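The values are calculated or read from the model by the stated rules, or taken from the named source; none is laboratory data. Note that the structure is a prediction, hence the values are computed from the model and not measured. Neighbour counts are summed over all protein chains in view; Cβ atoms, including those assigned to glycine, are modelled from backbone coordinates with ideal geometry. Accessible surface areas use protein heavy atoms only, side chains included; no ligands, DNA or RNA. Shrake-Rupley method; radii C 1.70, N 1.55, O 1.52, S 1.80 Å.
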Amino acid sequence: MMLSSFFLWLLLFSSLFSHGDKAFTGTYGVNYGRIADNLPPPESVVTLLKAAKIKNIRIYDADHQVLRAFKGSGIEIVVGLGNEFLKDMSVGEDRAMSWVKENVQQFLPETKICGIAVGNEILGGTDMELWEVLLPAAKNVYNALSKLGLAKDVQVSSPHSEAVFANSFPPSSCTFKEDVLPYMKPLLQFFSQIGTPFFINAYPFLAYKNDPQHIDLNYALFLKNPGIYDAKTKLHYSNMFEAQVDAAYAALEKVGFDKMDVIVSETGWASHGDDNEAGATIKNARTYNGNLRKRLLKKKGTPYRPKKVVKAYVFALFNENLKPGSTSERNFGLFKADGSIAYDIGFTGLVPSSATSSFLSFKGIGSSFMMAFTSFAAFLFVAL
């Protein structure tokens, strides 16, 4: 009797501490963007991620080569349903069903697709037509998953930019923009019903770049600084990242969703930029991403939500040489295109930083060696 009681207690205990976002293992993930023509093949990326012990990634599409490469890796993947598909997905559930079958179901369970991001930074953006179709598209995708028996394992979400907020300083004053609210509230209601967190792309780099005269760089980089004081909550913030997360919590609370979790779907720091892009240096990128990683590994909450462990996906895995826009857009990577580290925050690249030629040779090795190498890496990953 005592033994069975013990196991019952153990089960309850484990369920309490394992409860959380089903699409995120641990606290640290990375966005695997691929707007480039010089990146390692996906099979090599799997090796890289395993060596770095990164267990969560987001991609911005549902590329079949990538999904096949991650088969059996154990790495959890959130795939993206691009903005260009939303109107089509919103028309009828049959189109969503076809997309889910083709891009998700056929790869499960060998490839651990754990989420679908429906659109990216739609609300607050310039295309008002997409605002209208976001919720029906998300509902149709969810209903398709539900009919296929996949809804409990594959989470439907939609990440937002800071453009959905009217203001975010101090954190407690954060509110959603008035024109966003008619679209945001029903979306939040739906996500609340299906247990989806609020995903926000939070970039202290962008805030600093846009206003370097009034923002303390040390505050943005997790370095020693006076911080800011929120008079309403009487809370002190020593870094902007936590302030941005708590601003999202404050905005959610004001519209009745105080129980909803917040997950950072993108954050990062550019290592190079144009002359007018303040702060875009290798030193600052290394400092921000290194300190962010340390902070996430502590598995702590924020000043306003101390019991809600912060989780984030870093942007990005690689520098992407074909991304349009300013120079910084092409220099957010933790790794260079040759598989070497862009700067040292504790990860190991596929090759030493100066050994581009070695990686080219690595790419040319036969597939049988690649499979053996990956299997060995997987063994080490599990053993460690």
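Details
- Candidate aspartates and glutamates for bridging to Lys299, where Cα separation is under 18 Å - those fewer than 8 sequence places away on the same chain excluded: Asp21, Glu242, Asp246, Asp261, Glu266
- Simple spin-label estimate for His236 and Asp216 in nanometres, 7 Å along Cα-Cβ: 1.0 nm
- A 1.4 Å probe run over the protein chains yields, for the chain, 46 Å² of accessible area per residue, whole-number rounding.
- Dipole magnitude of the stretch 36-121, debye to nearest 20 (Cβ charges: Lys/Arg +1, Asp/Glu -1, about Cα centre): 460 debye
- Cβ-Cβ distance of Lys101 and Leu223, R₀ of 41 Å, FRET efficiency by 1/(1 + (r/R0)^6): the value works out to about 0.25.
- Ellipticity at 222 nm from helices only: DSSP H runs of n ≥ 4 in the chain, each -39500 (n - 2.57), divided by the residue count, give -12500 deg cm²/dmol.
- Two-site FRET efficiency, Val91 against Gln193, from Cβ-Cβ distance with R₀ of 25 Å, rounded to 0.05: 0.65
- Virtual paramagnetic centre 7 Å along Cα→Cβ of Asp344, amide N under 17 Å, in the stretch 254-282: 282
- Extension gain, Lys71-Thr327: 0.36 nm per intervening residue step, less the Cα-Cα distance, totals 88.7 nm.
- For the residue pairs Lys185/Lys300; Lys53/Lys307; Lys311/Lys336; Lys224/Lys323; Lys232/Lys259, the alpha carbons lie more than 31 Å apart in Lys224/Lys323.
- For Glu162, neighbours were defined as the other residues whose beta-carbon sits under 12 Å from its Cβ, and their charges (Lys and Arg +1, Asp and Glu -1) total -1.
- For the stretch 197-344, the carbon plus sulfur part of the accessible surface works out to 52%, probe radius 1.4 Å.
- Couplings 3J(HN,Hα) for the stretch 78-84, derived from phi with the Karplus relation 6.51 cos²θ - 1.76 cosθ + 1.60 (θ = phi - 60°), are 9, 8, x, 9, x, 3, 5 Hz, where x marks Gly and Pro.
- Share, in percent, of DSSP beta bridges within the chain that are antiparallel, nearest 5: 20 percent
- Separation of alpha-carbon centers, the stretch 231-250 and the stretch 59-102, rounded to whole Å: 34 Å
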